[in-house]
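To keep things clear, I will list the structure first and then write my remarks on it.
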C-alpha cells in the first residue's frame, strides 16, 4: 500500500474531511491534533465557526506554519472560508501584529469582520 494513501492526515488534506459525528470546529481540532506539525499543540488555537467562516486565532513561530495551518483546515466540511487571525511570533518578538493583537485583546468575541487575513 502506498504510504501517502495510508496516511489519514495527508488523505484528509486532499479531500473534504467527512466526520459527521463532529461539528466543524471539532473536526478542525481533530485534524490539527493528528497533523505532524501541530500534534500536541492543537489546544493552543482558538477555533470558532461564524456564518460558515472558521475563525482561527493563536500564535505560531513562522509564516510557514501559519499558511500550513490554513491549508490543513481548508477541507473541513461545513467551512466555506477561513479567517486566519494567527499571529507569527519568533524569539525576537512579534512580527507586524502588535497593534492588531492589542485591539483584539480588548474585544470579547471573535465573530467580527477581520481587518485583513480573510483567506
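The values are calculated or read from the model by the stated rules, or taken from the named source; none is laboratory data. In this text, all values refer to a predicted model and were calculated from it rather than measured experimentally. Neighbour counts run over all protein chains shown; Cβ positions are idealised from the backbone, glycine included.
Looking at this structure, is residue 93 within 14 Å of residue 47 (Cβ to Cβ), loosely packed, with under 11 Cβ neighbours inside 10 Å, out of contact with any helix residue (DSSP H, G or I) (no Cβ under 9 Å at 6 or more places or on another chain) and at pLDDT 55 or above? Against the criterion (within 14 Å of residue 47 (Cβ to Cβ), loosely packed, with under 11 Cβ neighbours inside 10 Å, out of contact with any helix residue (DSSP H, G or I) (no Cβ under 9 Å at 6 or more places or on another chain) and at pLDDT 55 or above), residue 93 does not qualify. When the residues of segment 22-45 are filtered to those that are under 11 Å from residue 77 (Cα atoms) and in contact (Cβ under 8 Å) with a residue 24 or more places away in the chain, which remaining residue is surrounded by the most Cβ atoms within 10 Å (Cβ to Cβ)? Per the criteria, the residue is 28. For segment 70-88, taking the residues that are more than 19 Å from residue 111 (Cα to Cα) and modelled with pLDDT of 90 or more, the one that is surrounded by the fewest Cβ atoms within 10 Å (Cβ to Cβ) is identified as 71. Here residue 55 does not qualify as surrounded by 15 or more Cβ atoms within 10 Å (Cβ to Cβ) and either over 11 Å from the mean Cα position of the chain (by Cα) or on the phi > 0 side of the Ramachandran plot (or both).
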